[in-house]
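The values are calculated or read from the model by the stated rules, or taken from the named source; none is laboratory data. Here the structure is a predicted model, which is why all the values come from computation and not from measurement. With ideal geometry, Cβ positions are generated from the backbone for all residues, glycine too; neighbour counts draw on all protein chains shown. With ligands, DNA and RNA removed, areas are computed over all heavy atoms of the protein, side chains included. Shrake-Rupley method; radii C 1.70, N 1.55, O 1.52, S 1.80 Å.
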Amino acid sequence: MTDTLINTLTCENLSKSYGGVVAVRDVGFTIAPGEAYGLLGPNGAGKTTTISMLVGLLKPDTGTVVVGGADLATDPMAAKAKIGYVPQEIALYPDLTGRENLRFFCRLFGLPRREVRGRVEEVLDLVGLADRADAKLDTYSGGMKRRINIGAALLHRPELLILDEPTVGVDPQSRKSILDGLERLVADGMALLYTSHYMEEVERICHRIAIVDHGSVVAEGTRHELVELVGGADRIELTLDGDVETALAKLRGLGGVTEAVRTTAGSVRLIAEGGRYLLPAVISTVDGIAAVTAVEVVEPDLEATFLHLTGSTLRD
Amino acid sequence: MLRSLLTVSALELRTRVRDRTALIIAIIVPVAMATLFGVALGGDDPPLRATVGMVDLDGGEFPAGVRREVMASTELDGVLTLRDLPSRERAQSALDAGDIGAAIIFPAGFSASVGAGEGGRVGVLTSADTPLAGVVANAVVDRISSLVRARTLAVRASLDAGVPAGEVKEFVERNGAAGPALTLDNDPMAGGRVDLSVYYGAGMAALFAFFVVGASFRSLLIERKQGTLDRMRAGPIHGWVPIAGKAVVGFALAMVSVCVTWASSVLIFGSTWGDPVAVFTLLLAHVLAATAITMLVASRARTDAQADGVIMVISFVAAFFGGSLVPLYTLPDVLQKIALFTPNAWTTTGLTGLAGSGAGPASVALPIGVLCAIAVAAFGLAATGFRKGLLG
């Protein structure tokens with residue numbers, strides 16, 4: 001009960017099946033005010049189904065969703081009033097202007113008539129589209145559409161902003177602008193639930209991350225906690241020209257190297273604690289046995305964690 | 001919640017006004033339909049004039065009575081002209097040549113058979129080229145059949161009661177079953193003044209109502225596709241608001257459409273649709289039923305294209321069976337029974353009954369009641385469909 005009052009979002013035991021196929025199984029997490037929470041998972045992992053249940057578009061088979069103390073099942077109006085939902089597609093009217101779109105959703109969501117005009121201008125400023133507000137949406141660039149798509153979810157001043165892949169198909173400049181804006185919202189105290197295919201986005205803006213696979217949360221924590229799950233060792237990929245077997249044997253005896261394997265005819269993979277600092281010793285160890293023609297040091301990251309936990313890359 | 005609903009309705013109406021579909025479907029097409037039917041079928045002359053051949057192979061009192069009654073009928077005066085023909089073959093030749101529009105054939109021994117309580121069979125020849133003459137001929141024969149049945153029943157009852165066979169004829173005639181008494185005044189076509197422009201104009205308005213409300217529900221499915229429906233549903237509004245908002249606009253535009261058809265017919269061509277309150281109430285009930293049926297389709301359709309196709313099929317099937325495309329009375333009995341399941345049939349029948357009759361709303365209570373029942377049933381099924389699909 002205490003959690004429910006403190007957290008902006010508390011969801012527990014969410015499950016959803018379609019004709020015997022489990023889409024989401026026992027998903028649960030909390031998001032505190034001012035916290036950005038990321039949902040990472042490959043396509044079909046259950047992210048969108050989870051979000052659909054959180055915003056009330058789908059009824060869960062089991063589980064509860066409480067938003068700002070309001071139970072979505074028993075008090076949907078109060079719960080939904082605290083949620084801003086940014087769908088994956090540009091869910092706006094292409095033949096209306098940006099301003100007309102925002103005004104429509106202001107009125108639809110019951111903002112007092114006297115506040116509509118001011119709030120629309122605020123949001124247009126927030127998403128940086130005040131100068132294009134009177135152009136029809138179908139004349140906007142992809143990035144501008146994404147920004148106004150987010151703006152429409154902010155009109156009723158939600159406590160929790162839920163974004164489903166909000167930067168798909170936008171240019172790097174627009175992406176930066178969107179992420180900067182989201183960071184400002186979080187800094188102002190808004191809670192964020194963010195799903196994306198882009199690992200670097202999630203790593204940048206999310207305080208905590210849940211990795212979702214086959215409908216379940218397989219790991220949850222801060223970026224650091226998740227990376228720790230697969231250990232802190234660096235991976236060193238060496239390409240050698242010379243006596244590879246002898247070089248490999250020498251490298252196995254090098255202090256700090258926990259694993260050394262031959263991956264292809266001329267390639268060797270080393271796993272080593274603080275591998276990036278071990279590089280000079282690695283090169284001197286093989287000196288005179290084989291020439292190092294290429295080297296790559298891979299630090300432990302979310303991608304590696306994701307690969308470790310789900311057995312696939314995020315974009316599979 | 002009302003404000004949210006009106007916001008959805010306002011956007012829907014604005015969209016329809018901006019893309020001019022509102023103007024086209026609510027004003028231009030109804031006026032055009034009324035004008036077309038008015039020019040083609042309206043006017044001061046009685047639209048129904050028929051020359052019907054009469055082949056009397058019986059030579060008895062029954063055909064003579066029919067001829068006498070037809071000639072004396074004020075309802076048929078100026079509408080029906082009888083032309084005597086000697087044989088079925090000659091009647092067929094005259095029909096093929098277009099000299100007559102239909103023919104009624106009394107077989108030999110008809111009067112004797114009826115007099116003996118054994119009934120009788122009257123033949124009718126019709127032509128696809130002159131359907132209205134066929135309607136008149138069939139209407140006359142329907143009346144004859146009623147009389148024959150009554151006469152047959154009376155004769156059998158008399159025989160069963162012990163009246164000697166030789167005295168039955170006199171006994172029956174003395175007791176009021178003397179012979180033909182053709183009164184066709186309850187038949188809407190028999191007055192000869194039913195304006196076909198009203199009939200077809202009303203039929204087209206009934207058909208078009210489906211398309212008008214269908215367009216609104218199609219836009220609901222488009223909103224589902226473009227994601228705006230989910231965005232609305234994720235907001236603090238009731239799930240029914242987008243559906244109701246669209247329905248209100250579809251219903252209102254359809255009402256404007258049918259009323260403009262009606263007003264155009266009356267104001268431009270001076271047609272008489274009957275008591276205004278009754279006509280309006282009937283049109284209201286029809287549009288309500290059309291709204292509910294198209295809503296039902298939208299609740300089950302997966303895409304706007306699928307909804308479009310299904311609404312098109314339903315509209316035309318209902319229009320055909322409901323008399324919007326071909327007169328109800330030309331349909332075979334079995335199709336006329338099927339027609340009772342379509343709102344168009346009740347609307348067309350109600351409007352036809354009102355046209356020129358001077359009857360008030362009470363006379364169309366049954367059609368209005370049935371249309372409302374259709375609407376309630378379809379709304380109920382649509383609600384179930386939306387809960388399982390769009391709002392599930």
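Summary table
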{"read-out": "Residue-normalised accessible area of chain B, given per residue in Å² at a 1.4 Å probe", "value": "44"}
{"read-out": "Euclidean distance between Cα centres, segment A:30-101 to segment B:341-392, Å", "value": "40"}
{"read-out": "Assigned charges on the beta-carbon of Lys, Arg, Asp, Glu; the protein assembly as shown dipole about Cα centre (debye)", "value": "1200"}
{"read-out": "Hydrodynamic radius (Kirkwood) for segment A:2-228, which is based on Cα pairs only, to one decimal in Å", "value": "17.9"}
{"read-out": "Selection from A:Phe109, A:Ser267, A:Gly41, by position along the positive dipole direction of the protein assembly as shown (Cβ)", "value": "A:Phe109"}
{"read-out": "Chain B - percent relative contact order, Cα under 8 Å, separation 6 or more", "value": "20"}
{"read-out": "Inter-chain Cβ neighbour average for residues A:102-109, partner chain, 10 Å", "value": "5"}
{"read-out": "Heavy-atom accessible area, 1.4 Å probe, ligands and nucleic acids excluded: residues of segment A:65-90 down by at least 30 Å² from chain alone", "value": "A:Met77, A:Lys80, A:Tyr85, A:Glu89"}
{"read-out": "Over chain B, equivalent-ellipsoid semi-axes from the Cα gyration tensor in Å", "value": "52, 22, 17"}
{"read-out": "Unit charges on C-beta of K, R, D, E only; dipole of segment A:94-145, Debye", "value": "240"}
{"read-out": "Efficiency of FRET between B:Arg88 and B:Ala157 - r from beta-carbon atoms, R0 25 angstrom, step 0.05", "value": "0.15"}
{"read-out": "Order of exposure, largest accessible area first, which applies to A:Lys176, A:Lys136 with probe 1.4 Å", "value": "A:Lys176, A:Lys136"}
{"read-out": "Inter-chain shielding of B:300-313 (mean C-beta neighbours from other protein chains, 10 Å cut-off)", "value": "0"}
{"read-out": "B/A buried area, accessible surface, summed, 1.4 Å probe, Å²", "value": "2400"}
{"read-out": "Descending semi-axes in whole angstrom, ellipsoid equivalent of segment A:228-276, from the Cα gyration tensor", "value": "20, 11, 8"}
{"read-out": "Computed E for A:Thr264/A:Glu225 - FRET, C-beta separation, R0 45 angstrom, nearest 0.05", "value": "0.85"}
{"read-out": "Stokes-Einstein D in µm²/s, Kirkwood radius over Cα pairs - segment A:71-185 at 4 °C with 1.567 mPa s viscosity", "value": "91"}
{"read-out": "Percent carbon-and-sulfur accessible area, the protein assembly as shown, ignoring ligands, DNA and RNA, probe 1.4 Å", "value": "57"}
{"read-out": "Relative packing of A:7-18, B:289-300, which averages over residues the other C-beta atoms within 10 Å, highest first", "value": "B:289-300, A:7-18"}
{"read-out": "Euclidean distance between Cα centres, segment B:10-30 to segment B:216-247, Å", "value": "19"}
{"read-out": "Kirkwood Rh, Cα atoms: Rg over Rh of the protein assembly as shown", "value": "1.25"}
{"read-out": "Gap separating the Cα centres of segment B:70-105 and segment A:134-156, nearest whole Å", "value": "74"}
{"read-out": "Partners for B:Lys225 among lysines (Cα-Cα distance below 23 Å; same-chain residues under 8 apart left out)", "value": "A:Lys16, A:Lys47, A:Lys59, A:Lys80, A:Lys136, A:Lys145, B:Lys246, B:Lys388"}
{"read-out": "Unit charges at the beta carbon, dipole of chain B: most positive-side option, B:Met255, B:Thr348, B:Thr51", "value": "B:Met255"}
{"read-out": "Aspartates and glutamates whose Cα lies under 18 Å from that of A:Lys176, excluding same-chain neighbours fewer than 8 positions away", "value": "A:Asp125, A:Asp164, A:Glu165, A:Glu200, A:Glu201, A:Glu203"}
{"read-out": "With Cα atoms, 0 to 90° folded angle of helix B:165-174 axis to chain B main axis", "value": "60"}
{"read-out": "Protein-only accessible surface order, largest first, of B:Ser4, A:Ser177 at 1.4 Å", "value": "A:Ser177, B:Ser4"}
{"read-out": "Rounded to 5, percent antiparallel among DSSP beta bridges of segment B:50-174", "value": "25"}
{"read-out": "Relative contact order %, segment A:2-228, counting alpha carbon pairs below 8 Å whose residues are six or more apart", "value": "29"}
{"read-out": "Spatially proximal aspartates and glutamates relative to B:Lys337 (Cα-Cα < 19 Å; intrachain offsets below 8 disregarded)", "value": "B:Asp142, B:Asp187"}
{"read-out": "Charge dipole magnitude, Cβ of K and R +1, D and E -1 - chain A, Cα centre, debye nearest 20", "value": "1120"}
{"read-out": "Residue mean of other protein chain beta carbons inside 10 Å, B:5-12", "value": "3"}
{"read-out": "Relative packing of peptides A:252-264, A:183-195 - highest average C-beta neighbours within 10 Å first", "value": "A:183-195, A:252-264"}
{"read-out": "Calculated log₁₀ intensity ratio I(q)/I(0) where the Debye formula runs over C-alpha points of segment B:50-174, q = 0.10, 0.19, 0.22 Å⁻¹", "value": "-0.34, -0.98, -1.20"}
{"read-out": "Sequence of B:Phe251, B:Phe217 from largest to smallest accessible area, 1.4 Å probe", "value": "B:Phe251, B:Phe217"}
